[in-house]
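These notes concern the structure reproduced below.
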Amino acid sequence: GIEFIDSYVFNKAEHIRFNSTVGRYVGYTELGVKNAEAWNKGPQLGQEQAELERVCKPNAALHYRAILDKT
């Protein structure tokens with residue numbers, strides 16, 4: 001399967017991550033936790049899920065075929 005991860009990093013510290021396997025945002029700092037809670041209730045969550053369908057799945061098939069062609 002495909003796993004899409006979108007990390008939000010500031011000053012080399014990851015604050016929030018969207019992980020398609022988890023299906024939601026997860027916060028790793030105090031501010032990140034607060035923002036993750038808000039983003040999971042807002043339009044941002046749907047936008048991340050749309051990116052998985054729009055970008056990741058079509059491109060994954062292309063990359064997978066290229067890998068198979070090399071083996």
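Where only DSSP H runs of four or more residues are counted, the chain gives -15000 deg cm²/dmol as its mean residue ellipticity at 222 nm, each run worth -39500 (n - 2.57). Only the Cβ atoms of Lys and Arg (+1) and of Asp and Glu (-1) were treated as charged; on that basis the dipole of the chain about its Cα centre amounts to roughly 80 debye. Using a probe of 1.4 angstrom and keeping all protein chains present, the accessible surface of region 5-69 works out to 71 square angstrom per residue. Take the Cβ atoms of residue 12 and residue 41, set R0 to 35 Å, and the FRET efficiency comes out at 0.80. Which percent of the accessible area of the chain is formed by carbon and sulfur heavy atoms (probe 1.4 angstrom)? Here carbon and sulfur together make up 56 percent of the probe-accessible area.
By the Stokes-Einstein formula, at 1.567 mPa s and 4 °C, the chain with its Kirkwood radius over alpha-carbon pairs has D equal to 97 µm²/s.
With K and R counted +1 and D and E -1, the other residues having a Cβ less than 12 Å from that of residue 59 yield a net charge of +1. The alpha-carbon of residue 57 sits under 12 angstrom from the alpha-carbons of these aspartates and glutamates, leaving out residues fewer than 8 places away in its chain: 3.
The values are calculated or read from the model by the stated rules, or taken from the named source; none is laboratory data. None of these values were measured; they are calculated from a predicted model. Neighbour counts run over all protein chains shown; Cβ positions are idealised from the backbone, glycine included. These accessible areas exclude ligands, DNA and RNA; they are computed on the full protein's heavy atoms, side chains included. Shrake-Rupley method; radii C 1.70, N 1.55, O 1.52, S 1.80 Å.
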